[in-house]
Amino acid sequence: MRHPKVIIAGIGLAAAAAAGGVTAAAAAGGSSASSSTAGHSATAATVRTASATVAGKTETILVNSGGLPLYFYRPDTAAKSFVTGGVAALWPPLTSAAPTAAGASGKLTVVNDTHGHQVAYNGHLLYTFISDHAGQVTGQGVQNFFVATPGLTPIASSSAPAVMVPAAPAAHGY
């Protein structure tokens, strides 16, 4: 069942596109989302794993430090985000100059793009979804966004400036 916010947001974006407004692919030079959105972080972000129900199945997914599921946008490249304008307002990019990985074995990097220091996992730029809450996945497959998992297949890298981020050491219990 789709959530009313997603349906209303989708209708609003479709209306904006029909009226010649901002679209994800056409607005590469447009303004980015506000830096106060849930996916943005002026400090270090942590990408970690958690269990969640995705399409009726329990899966291990990637989440941010607040427990929000992380998504990738299929049209993005390893060097460029095509998520701008109204789409970026619904799907805030995960940004951090110095992210850390906990429990994820893939390659975590930072790509300097229109969103600032956007975090990427195995070359996939990461986003949150405004309708999600910690432990809740509601954006799977919506607007070409898909839940990021630890086994996410790497995409080809590019010549874009990216910074390799080492994985955080394993935490030991008390």
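Summary table below
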quantity: Area accessible to solvent at Arg74, 1.4 Å probe radius, in Å²; calculated: 140
quantity: The range 56-69 - phi-based ³J(HN,Hα) in whole Hz, Karplus 6.51/-1.76/1.60, Gly and Pro as x; calculated: x, 10, 6, 9, 8, 10, 8, 9, 8, 5, x, x, 6, x
quantity: Accessible area, probe 1.4 Å, largest first, for residues Thr49, Thr128; calculated: Thr49, Thr128
quantity: Segments 60-68, 134-142 sorted - mean Cβ within 10 Å per residue, highest first; calculated: 60-68, 134-142
quantity: Amide H contacts of Asp113 (H built 1.01 Å from N, under 5 Å, at least 5 apart or other chain); calculated: Gln118
quantity: Net charge, Tyr71 excluded, C-beta distance under 14 Å - Lys, Arg +1, Asp, Glu -1; calculated: -2
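The values are calculated or read from the model by the stated rules, or taken from the named source; none is laboratory data. Because the structure is predicted, anything quoted here is derived from the model rather than measured. Note that each Cβ is placed from the backbone with ideal geometry, even for glycine, and that neighbours are counted across all protein chains shown. Ligands, DNA and RNA are stripped out before the accessible areas are found, and what is left, the full protein with its side chains, is counted by its heavy atoms. Shrake-Rupley method; radii C 1.70, N 1.55, O 1.52, S 1.80 Å.
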